[in-house]
Amino acid sequence: GDGNDIKDDQPFKLMKTWANVAAGDVYTITLKLVVPEGRFSGATKQFSVNNQVFDVVEGENAITVHSKQGSDPTLSIKFGAIVNGAKVGLPVGDYLIMDVTLTKVTVEQLAAPEFTYDADSEALTITDSNAEGKVARYELGLFLDGAETAAKTITVTNGEAVDFSTVAAGTYTLKLRAVASSVLYTNSDWFSPETPVTVTIEEATEPEVEA
C-alpha cells in the first residue's frame with residue numbers, strides 16, 4: 001500500500017518465531033534494507049525494526065537493533081513509522097531486506113556509582129566508573145529502616161540539590177543506583193556509603209496567616 005494506507009503501520013512479520021531464541025534474552029539484530037534509486041526522490045524516510053525507528057535513504061541501509069525478546073520472539077518490520085503521532089509509510093514499491101543476523105548478547109550490569117551528600121546544600125556529588133553512554137540517569141532511593149525496597153525513588157543530577165518536596169515525612173537512608181541506557185545493560189546495585197547517610201523529612205506546615 002501507499003503511505004496513506006492504514007495497514008502501513010502494522011508489523012510485517014519476517015519471522016514469526018525463532019525456535020532458538022529464548023524469551024527475555026537480549027539479541028543484536030543486524031540487517032540491510034535496499035531502497036531502489038529514485039524511490040524517495042532523494043528524501044529521507046522512516047523504517048521500523050522491533051519498534052525502533054531508523055532514518056533510511058535510497059541505496060543500502062545498514063541497521064542494527066538491540067532487542068530484548070518477549071514471550072513470542074519475533075522480528076517485526078514496519079515499512080514506515082509513527083512520527084509525532086502520525087503514520088508515515090514508505091512509498092509503494094519493492095524493497096530488499098538482506099543479510100539478517102541474530103547474535104545473543106551477554107548483558108552487562110552497571111557498576112554502582114558512589115556518592116557523598118551535603119546536608120546543607122542537599123546536593124549529591126556522584127562518582128561513576130561506568131563508561132559514557134551506558135547510564136541513562138541516576139536514581140536516589142529513600143529506604144525506611146530495614147526495608148529492602150525504596151519507599152521513594154528520585155531522579156538526581158550530579159552536583160545539584162535533591163528535590164525532596166514529594167517525599168512523605170520520615171527518616172530515610174539514602175542509596176544511589178545507575179539506570180541503564182539500553183537493554184545491553186542492567187541497572188546497578190544500590191550503593192550506600194560505609195557510614196549510611198540519613199535524611200529526616202519534616203511534615204509540611206501551613207504558613208501562618210495574620211488576621
Legend entry - Those residues of the range 49-91 whose amide nitrogen sits under 16 Å from the label point placed on T30, 7 Å along Cα→Cβ: 60-67
Inset, instruction - Just grab the label-to-label distance for A22 and A169, each label 7 Å out from Cα along the Cβ direction, in nm (one decimal). - result: 5.0 nm
Inset, instruction - Along Cα→Cβ, 7 Å out, is where each label goes; now give me the distance between the ones at N158 and V83 in nm to one decimal. - result: 3.5 nm
Legend entry - E114 versus E37: modelled label distance in nm, points set 7 Å from Cα along the beta carbon direction: 5.9 nm
Legend entry - Table column - 3J(HN,Hα) (Hz), the range 111-123, Karplus curve with 6.51, -1.76, 1.60, x for Gly and Pro: 6, 6, x, 8, 7, 10, 10, 9, 5, 6, 8, 6, 9
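Using the structure shown, select from K68/K104; K104/K134; K45/K78; K68/K152; K45/K87 the pairs with a Cα to Cα distance greater than 21 angstrom.
K68/K152
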Legend entry - For the range 51-200, alpha-carbon Rg over 2.2 N^0.38 Å: 1.45
Legend entry - Cut-off 18 Å (backbone N to label point 7 Å along Cα→Cβ of V197), residues of the range 91-124: 111-124
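Readers should treat all values here as calculations from the given coordinates under stated rules, not as data from a laboratory. Note that this is a predicted model, so its numbers are computed, not measured. Reconstructed Cβ throughout: ideal geometry from the backbone, glycine too, with neighbour counts over all protein chains shown.
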